[in-house]
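The values are calculated or read from the model by the stated rules, or taken from the named source; none is laboratory data. Since this is a predicted model, take the numbers as computed values, not measurements. Here the Cβ is made from the backbone with ideal geometry for all residues, glycine too, and neighbour counts use every protein chain on show. Remember, those area values only see protein heavy atoms, side chains included, never the ligands or the DNA or RNA. Shrake-Rupley method; radii C 1.70, N 1.55, O 1.52, S 1.80 Å.
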Amino acid sequence: MRASRAARDNELVRVLIVEDERKLAELIARGLREEGHAADIAVRGEDVVWMAEAAPFDVIVLDVMLPGLDGFTVCRRLREREVWTPVLMLTARDAVEDRVAGLDAGADDYLAKPFAFDELLARLRALTRRAPNERPTLLVVGELRLDPAARRVWCDGAELELSGKEFTLLELFLRNAGAVLSRDQLLDGAWDMSFERRSNVIDVYVRNLRTKVGRDTIETVRGVGYRLREPE
Ligand code: CA
């Protein structure tokens, strides 16, 4: 019954499971097949890049703890090879540093072990639904990484606390990295029409943003506006 529901909803996906614990890998694979998906298993991180390049996987479930190359390294290599298949990282515990390291390595989501199979399935559905149109899910410029969906931002691996407007402004800068944005463009992008248009509000927000992302990250272009500096 379950398989036919999946087929009817046209949700059939091909999943690559990377996990050296055979029993767990096979448990996940069996569950996915029962839902009407295709599932392949890789035991070694070293095999993932060529497998992902050889077959059109829709999503990769990647365990962090692997013999040889760990999950973070594998994910980074995939992204270096411009393989953009969504990656769900399995972490041994719900550690913040693992989560950040996973996102930094180019993963799209993470799930802490132990997990319920239904939770895994829900995460995989979410990832395959949003791929590939909304990729890249992370805006990355230099040391800055911003996740628009989760409204979170990291600088050099550390998460930043930004107000709503600061976040919106920074997202604008990241989406237009290297381009000069005038104060009017920034106002248009981050404030609605009802806002009293005093352009010095932009200067105040930029000053605040600079204390969080680094002074030199946002350059002043005299008489024109501001520019997010792109790394060399
Ligand atoms: Ca493992």
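Multiplying the residue separation of MET51 and ALA158 by 0.36 nm and subtracting their alpha-carbon distance yields 35.3 nm. With a simple spin-label model that places each label point 7 Å from the Cα along the Cα-to-Cβ direction, the separation between LYS113 and VAL221 comes to 4.9 nm. The chain: percent of C-alpha pairs farther apart than 24 Å? Cα-Cα pairs in the chain separated by more than 24 Å: 51 percent. Summarised in one figure, the compactness ratio Rg/Rh of segment 46-132, Cα atoms and Kirkwood Rh, is 0.94. Let me see the P(r) profile for segment 139-228: every Cα-Cα distance counted, bins of 5 Å, each bin given as a percent of all pairs. Once binned at 5 Å, the Cα pair distances of segment 139-228 give 3, 14, 28, 28, 17, 8, 2, 0. Between ASP188 and ASP147, full extension at 0.36 nm per residue minus the direct alpha carbon distance yields a gain of 12.6 nm. Here's the picture: charge each Lys and Arg Cβ at +1 and each Asp and Glu Cβ at -1 in segment 5-129, and of VAL100, ILE60, LEU78 the one pushed furthest to the positive end of that dipole is ILE60.
Pull up all non-local amide H partners of ALA112: gap of 5 or more, or a different chain, and H-to-H distance under 5 Å with H placed in the peptide plane. Those qualifying (amide H under 5 Å, at least 5 residues apart or on another chain) are THR91. Taking every alpha-carbon pair under 8 Å whose residues sit at least 6 apart, segment 139-228 reaches a relative contact order of 27 percent. Please give the FRET efficiency for ASP70 paired with ASP40, using the beta carbon to beta carbon distance and R0 = 22 Å, rounded to the nearest 0.05. Step by step, r from the Cβ atoms, then E = 0.65. Cross-link partners for LYS113 among the lysines, with Cα-Cα distance under 23 Å and sequence neighbours closer than 8 places in the same chain left out: LYS23.
Computed in the context of the full set of protein chains, the accessible area of segment 50-192 at 1.4 Å probe radius has 49% of its extent on carbon or sulfur. Highest average first, the peptides 216-229, 99-112, 65-78 ordered by how many other beta carbon atoms sit within 10 Å of their residues are 99-112, 65-78, 216-229. For ALA42, nonlocal amide neighbours, meaning residues 5 or more places apart or on other chains whose placed amide H falls under 5 Å from its own, are ILE17, VAL18, GLU19.
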